[in-house]
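These notes are about the structure you will find just below.
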Amino acid sequence: MKTLLMYERVAPLDREQHRNLRIHQGPSRLAFARETNSMLMAAAELPLAALDYPCVFVPAGDTHSLVAIVGLRDKENLMIDGAGNWADEHYVPAFVRRYPFVLAEQPGTDQMTLCIDEAFDGIDHAQGEALFDAQGQDTPYLQQLQQFLLSFHQDMLSTARFAQRLAELGLLVDRSIDCHIQGEKLTLNGFKVVDENKLRALPPDTVQELFGSGALGWVHAHLLSLNNVNKLGNRLGQRLMAARAAAEAGDQHVTH
């Protein structure tokens with residue numbers, strides 16, 4: 001499992017260079033996320049994301065990241081349809097909602113630089129939300145966006161601490177998922193989950209620590225989320241059936 005970086009041409013947002021830029025959804029909508037089967041996410045998103053996706057941990061250097069699984073095959077996001085729309089009534093991760101913007105850390109400092117993917121097809125000069133006003137000052141849209149990105153950054157730092165604590169307690173174990181969809185066997189691996197037996201064996205003071213920090217609620221949401229593998233399997237099955245029906249219809253058209 002790999003979390004594909006969706007950014008192609010990232011550049012720092014410049015008050016002069018980008019002064020007249022406007023942002024709208026773009027003709028391809030969320031198609032930029034079509035080729036990733038997992039999304040980085042913050043633990044704070046678990047209460048909502050866990051209702052729709054399996055949420056698991058993946059090794060990231062000497063720590064772990066939390067991701068939502070959105071596809072069972074490589075380079076396939078089952079949540080995005082042919083028109084680039086996200087599945088109705090399914091939680092859209094903040095990782096997707098922040099695009100085409102991202103905060104970049106400046107090496108050796110605590111400062112963050114707001115960047116934009118200049119390859120995004122929703123960048124315009126005529127329509128959409130303005131980033132700067134006529135005087136070159138931040139618009140309310142840009143101010144709100146910066147607050148959202150800062151909150152997401154802080155949530156990701158909290159998530160790293162959460163995952164690190166679970167690893168220190170020895171709770172994370174390797175897991176793989178085997179699925180049989182329309183006669184096709186799929187294996188998803190490279191991720192970790194919390195071992196429920198090890199969780200139950202924790203001493204009371206450690207359980208109290210996890211409860212007090214909110215981490216225990218996140219752990220239970222993570223464990224419940226693993227049942228959503230079946231939902232992904234159903235979506236993939238429907239997609240395969242639709243593709244097969246379209247192929248058969250095409251064959252019949254050629255025959256006649």
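Quick notes on this structure:
- Here the accessible area is traced with a 1.4 Å probe on the protein chains. For the chain, carbon and sulfur cover 50 percent of it.
- For the chain, the solvent-accessible area of protein heavy atoms averages 55 Å² per residue (probe radius 1.4 Å; ligands and nucleic acids excluded).
- 141, 99, ranked by accessible area, largest first (probe 1.4 Å): 141, 99
- Residues of segment 59-77 with amide N under 14 Å of the 7 Å Cα→Cβ point at residue 184: 71-77
- For the pair residue 48 and residue 60, label points projected 7 Å from Cα toward Cβ lie 1.9 nm apart.
- Per-residue accessible area (protein heavy atoms, 1.4 Å probe) orders 121, 195 as 121, 195, starting from the largest.
- The modelled label-to-label distance for the pair residue 97/residue 15, using points 7 Å beyond Cα in the direction of Cβ, is 2.9 nm.
- Annotation: amide H of residue 181 within the under-5 Å range of 186, sequence separation 5 or more or interchain, hydrogens built in the peptide plane.
- For residue 28, the solvent-accessible surface computed with a 1.4 Å probe is close to 40 Å², ligands and nucleic acids excluded.
- Across segment 118-134, rounded Karplus estimates of 3J(HN,Hα) from the backbone phi angles (6.51 cos²θ - 1.76 cosθ + 1.60, θ = phi - 60°) give 6, 8, 5, 7, x, 7, 9, 10, 10, 10, x, 7, 6, 8, 10, 8, 4 Hz, Gly and Pro being marked x.
- Remark on residue 139: its backbone amide H falls under 5 Å from those of 132, 133, a criterion applied only to residues 5 or more positions apart or on other chains, H modelled at 1.01 Å from N.
- With contacts taken as Cα pairs under 8 Å and at least 6 residues apart, segment 88-149 reaches a relative contact order of 24 percent.
- Per-residue HN-Hα couplings for segment 92-108 [Karplus 6.51, -1.76, 1.60; θ = phi - 60°; Hz; x = Gly/Pro]: 9, x, 4, 4, 7, 5, 7, 4, x, 9, 7, 8, 10, 7, 8, x, x
- For residue 244, the accessible area of its heavy atoms, probed at 1.4 Å with every protein chain present, is near 120 square angstrom.
- Count of lysine pairs in the chain with Cα separation under 18 Å (8 or more residues apart, or interchain): 4
- Largest-first ordering by accessible area, 1.4 Å probe, given options 112, 41: 112, 41
- Calculated Rg/Rh (Cα atoms, Kirkwood Rh) (choose from [x] 1.03; [y] 0.93; [z] 1.06), label: [x]
- Cα gyration tensor shape of segment 136-256, rounded if a/c is under 1.5, else prolate or oblate by comparing a/b with b/c: oblate
- Euclidean distance between Cα centres, segment 163-194 to segment 46-119, Å: 18 Å
- Under the Karplus curve 6.51 cos²θ - 1.76 cosθ + 1.60, θ = phi - 60°, whole-Hz ³J(HN,Hα) for segment 200-212, x wherever Gly or Pro sits: 5, 8, 5, x, x, 5, 6, 4, 5, 4, 5, 5, x
- Remark on residue 190: its backbone amide H falls under 5 Å from those of 175, a criterion applied only to residues 5 or more positions apart or on other chains, H modelled at 1.01 Å from N.
- P(r) weight above 28 Å for segment 1-153, C-alpha pairs, percent: 23 percent
- Computed accessible area, residue 185, all protein chains, 1.4 angstrom probe, square angstrom: 130 Å²
- Segment residue 174..residue 74, full-extension length gain: 34.1 nm, with 0.36 nm per residue of separation and the alpha-carbon distance subtracted.
The values are calculated or read from the model by the stated rules, or taken from the named source; none is laboratory data. All values reported here derive from a predicted model rather than from experimental measurement. No Cβ is skipped: glycine too gets one built from the backbone with ideal geometry, and neighbour counts run over all protein chains shown. The area values use the complete protein model at the heavy-atom level, side chains included, leaving out ligands, DNA and RNA. Shrake-Rupley method; radii C 1.70, N 1.55, O 1.52, S 1.80 Å.
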